[in-house]
1. Assuming residue 149 fulfils every condition listed in (1) within 16 Å of the ligand (Cβ to nearest atom); (2) of a type outside the set (Gly, Ala, Ser); (3) over 17 Å from residue 183 (Cβ atoms) apart from one, which condition is it?
2. For segment 125-152, how many residues are crowded, with 24+ Cβ neighbours inside 10 Å and among the small types (Gly, Ala, Ser)?
3. Looking only at segment 226-264, count every residue that is at pLDDT 95 or above and either more than 10 Å from the ligand (Cβ to nearest atom) or more than 15 Å from the chain's Cα centre (by Cα) (or both) and tell me the total.
4. What pairs come up if the first residue lies in segment 184-212 and is free of Cβ contacts under 8 Å to residues at least 24 places away in the same chain, the second is in a strand (DSSP E or B) and of a type in the set (Lys, Arg), and their beta carbons are under 9 Å apart, counting only those six or more places apart or on different chains?
5. Answer yes or no as to whether residue 283 is part of a loop (DSSP other than H, G, I, E, B), surrounded by fewer than 22 Cβ atoms within 10 Å (Cβ to Cβ) and either of a type in the set (Ser, Thr, Tyr) or away from the ligand (no atom under 16 Å from the Cβ) (or both).
6. Would you point out the residue of segment 122-146, among those that are farther than 22 Å from residue 269 by Cα, part of a loop (DSSP other than H, G, I, E, B) and not acidic (Asp, Glu), that is nearest to the ligand (Cβ to nearest atom)?
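The values are calculated or read from the model by the stated rules, or taken from the named source; none is laboratory data. Remember, predicted model here, so these are calculated numbers, not experimental data. In this analysis, Cβ positions are derived from the backbone assuming ideal geometry, glycine residues included, and neighbour counts consider all displayed protein chains.
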Amino acid sequence: MSLSNQQPNTPHQDVSIKKVFDVEEVRKDFPILQRQVHGNPLVYLDSGASAQKPQSVIDVIARYYSEQHANIHRGVHHLSQEATQAYEDAREIIRKYINAEHSHEVLFTKGTTDSINLVASSFGRKFLNEGDEVIISALEHHSNIVPWQMVCEERGASMKVIPINQAGELDMVAFESLLSNRTRLVAVTHVSNSLGTVTPVDKIIELSHGKNIPVLLDGAQAVPHMHIDVQAMDVDFYAFSGHKIFGPTGVGILYGKEALLNQMPPYQGGGDMIEKVTFEKTTYNTLPHKFEAGTPNIVGGIGLGAAITYFIQFDEQSILDHEQDILHYATEQLSQIQGVKFIGTATNKASVISFLIEGSHPFDVGTLLDQQGIAVRTGHHCTQPLMDFYGIPGTVRASFAIYNNRADVDALVAGVKRAASMLL
Ligand code: PLP
């Protein structure tokens, strides 16, 4: 199923005919899955931290550097124009994928963290004043907490936090009561990276818009698992990272509604984002360039376009069904191991399982699994306040992607049994 002979960075490719999803075929597209770790076949269950790359993405990156590279948006020479075209083609692929109305609403950033910092810094500077409030949730990754803390401190504003129940679901009654005429923005995660909870984003947006409050969604963990349609959601800002959706690291996206982005000041100053510079005054370029100062991660953008081209060749529902099957199978199998305790049991979950083996530290479990070639995440997952809520230092987290199969789950279950027998 490798796309390596095609030109994945063209937006004109017909993706309306979807391939039948077959996990064993998908696995062949990811060369890293063939390798061994500590003498065992790699079982990669850390896609929530960063997903692996299909051959088609690797090929596009290699081809770009061997045949196309030049700086973009500036040169009249052929290579510069070719590289510019490939980069802008990638933006168009991403626009189509998230169904943004305009390609200039799709900003290239370094990743989710950078996208949220852009909004906090630019929107915050423009719209946050003394006494204003930003609402986040108890599920947030540090990258959707700290930027708001920083800008709130600077502007004399404050942060309100939507509480959760023990299952890790947002308390929507509390959310409604937090919305006030001082609220300037609601910034919440679409899917919790630590627990897998899928948050009720439609309701959050409906309630917020009812009070004319814009909403930012952190889509870092949602984009690799479900179809995103920013217009159907009517979301104001949507942030995600390339590397979690099978693309390169160091590139991500901020979608923003044109009307809002036009009102916001630039995030960083430098080349490309200007219209005219004099020592007395600078005027700024139009969208998206106003927010894209300096030479961007050109190959990152092109690689992300290729990653999305790879991803959208499959029918969305069959990906969702496959990942839900893996999630339920893993949950059921792990629950039979004595001492395993799940952290986060929301009804609506993406394919993430956080757990503990009672009486042992997550790092010890992670180390013993690693020795068996099984890569899981351990620790607080950049959600320290969420770990504080559960009164734990961290969890063991298995996060699944399109290339994981039931054999991976079986290896995890055997590994956890072995770790439990050694630790308890
Ligand atoms: N938000 C969530 C929910 C995440 O899971 C992550 C990364 O794990 C981030 C934000 C930060 O993403 P990045 O490090 O790619 O900027």
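1. (3)
2. Qualifying residue count for the region: 1.
3. Going through segment 226-264, the residues at pLDDT 95 or above turn out to be 228-264.
Pick out the ones that are also either more than 10 Å from the ligand (Cβ to nearest atom) or more than 15 Å from the chain's Cα centre (by Cα) (or both) and you get 228-238, 245-248, 253-264.
Here the count works out to 27.
4. none
5. Working: part of a loop (DSSP other than H, G, I, E, B): no; surrounded by fewer than 22 Cβ atoms within 10 Å (Cβ to Cβ): yes; either of a type in the set (Ser, Thr, Tyr) or away from the ligand (no atom under 16 Å from the Cβ) (or both): yes.
Considered against the rule, which asks whether it is part of a loop (DSSP other than H, G, I, E, B), surrounded by fewer than 22 Cβ atoms within 10 Å (Cβ to Cβ) and either of a type in the set (Ser, Thr, Tyr) or away from the ligand (no atom under 16 Å from the Cβ) (or both), residue 283 comes out as no.
6. If we take residues in segment 122-146 being farther than 22 Å from residue 269 by Cα, part of a loop (DSSP other than H, G, I, E, B) and not acidic (Asp, Glu), then 141 is nearest to the ligand (Cβ to nearest atom).
Every residue, every condition in (1) closer than 30 Å to residue 149 by Cβ; (2) more than 16 Å from the ligand (Cβ to nearest atom); (3) of a type in the set (Val, Ile, Thr), yes or no:
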{"position": "382", "(1), (2), (3)": "yes, no, no"}
{"position": "391", "(1), (2), (3)": "yes, yes, no"}
{"position": "402", "(1), (2), (3)": "no, yes, yes"}
{"position": "405", "(1), (2), (3)": "no, yes, no"}
{"position": "415", "(1), (2), (3)": "no, yes, no"}
